[in-house]
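Take a look at the structure below.
Coordinate-derived values only; no laboratory data. None of these values were measured; they are calculated from a predicted model. Methodologically, a virtual Cβ is constructed for each residue, glycine included, from the backbone with ideal geometry; neighbour enumeration extends over all protein chains shown.
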Amino acid sequence: MKVLFCFYPLFVHYNHGVALLSQLCRQRGIETELYMLDDVDKFAAFLTGKQYAAVCFSAVIERDYTNCVPFMRRARARGELVLLGGVYPRRGVALPNCPAHLVCRGDGESLPDFLLLGDDRLFQEQMIAPDLNALPLPDYELFKNIPFDRELPFMAERHDKKVLPYYSSRGCRSACTFCEVRNQNGTYRLRRNVGTDLRCLSQRYQPDLFMIGDETLPYYDKRWRESWGNFHHPFVAYLRGDCPVEQLAWLKERGLSGCAFGVESGDETYRNDVLKKGLTDEELLRTVEQLNRLDIPYAPFYMTGLPGESMRQQAATHKMREQLGGFPVTFQYENLKPSGRI
Ligand code: SF4
């Protein structure tokens, strides 16, 4: 039995979700193959003479989902069983006329049970992987000859470097009103052997740095910090703008080489009363000061044009963008809303 994984490469070529599913399948004796979507006719030619147990598509945002649609149609027309999963469908967005036979709206790690035993709960319920420690490490062998070109706003000179994705937790303990993470099923879950995981991945794939893609890096959790043991390696991650000084110093010592964090609004009242960010101006200024002192590049994220946000509040966001510096990224609400990202 063999499955084909497909995704449309927008920003990321090394896809953690596909690498993990590939490993889970292989552990159960299911062969896996990868096709990075490019041209529909080329894809159809690739499928000619083959028959997979399933052709599995993965989408992260609306744009790569839309790009996948003609490929899904073509695979379906050729008689393949077409499955869809990934971050975008997990958001619960409407997918009118989706060509996939089945759509996974939760964690997809029980795919082998569907393929081998016909257990289709992952397409019927919003399933979660309750214990991250029961999952294997991702298998990036499928990506062996694929060049890496992940964009990191603060590391223009590193676009040719191998930045390997890794996740040490799922979920977030904060509850910002605008954030899609709140709508995902399941609580905050942690992997217990981060140091062992990273050492193993580093020996296997020799990355230049890790991209630890957790919603928010759980540096505040003592168990997580202890699980690093004495491992050090360059990495980038998402933090909160109120990361305590001593924990930021600890992260630097472990290899933190760049980070991003959400400011959202420059107006403290709007940020906390409406967006429930739980983040003061004072904490932001303290974090930025320490990031500069530790020479860690940072990308503050902002949002503007939000419902109920006044011109004065938007102006405060622009002012804060100037004040905090770094490599700021600003999202416009009217662009985020239709794509289901807020
Ligand atoms: S915006 Fe960040 S801190 Fe807030 S809930 Fe989402 S992931 Fe957590």
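Across segment 269-298, the residues whose backbone nitrogen lies under 18 Å from the label position 7 Å along the beta-carbon direction of Ala315 are 269-271.
Remark on the chain: Cys6, Cys25, Cys56, Cys68, Cys98, Cys104, Cys172, Cys200, Cys243, Cys259 stand apart, with no other cysteine beta carbon under 4.7 Å. When the trypsin sites (Lys or Arg not before Pro) in segment 181-227 are filtered for DSSP coil states and for at most 16 other beta-carbon atoms within 10 Å of their beta-carbon, the remaining sites are Arg192. Computed extension gain for Leu10 through Thr187, at 0.36 nm per residue and net of the alpha carbon distance, reaches 60.8 nm.
I need the shape label for segment 2-132. Rule: rounded when a/c is under 1.5, else prolate if a/b > b/c, else oblate, with a, b, c from the alpha carbon gyration tensor. Because its axes are fairly even, with a/c under 1.5, segment 2-132 counts as rounded. Computed over every Cα-Cα pair of segment 148-336 and binned at 5 Å starting from 0, the pair-distance distribution P(r) comes out as 1, 7, 16, 19, 19, 17, 11, 6, 2, 1, 0 percent.
What you get for segment 261-302, charging only the Cβ of Lys and Arg (+1) and of Asp and Glu (-1), is a dipole of about 140 debye around the Cα centre.
Counted by Cβ distance under 12 Å from Val82, the other residues give a net charge of +3, where Lys and Arg count +1 and Asp and Glu count -1. Applying 0.36 nm per residue to the separation of Ala77 and Glu253 and subtracting their alpha-carbon distance, the gain on full extension is 58.0 nm. Remark: segment 283-296, residue by residue, has Karplus-estimated 3J(HN,Hα) of 5, 4, 5, 5, 5, 5, 4, 6, 4, 5, 4, 8, 6, 9 Hz, where x stands for each Gly or Pro and the curve is 6.51 cos²θ - 1.76 cosθ + 1.60 at θ = phi - 60°.
Subtracting the Cα-Cα distance of Val329 and Phe231 from 0.36 nm times their residue separation leaves 32.2 nm of extension gain. Taking only the Cα atoms of the chain, the ratio Rg/Rh comes out at 0.97, with Rh defined as the Kirkwood radius.
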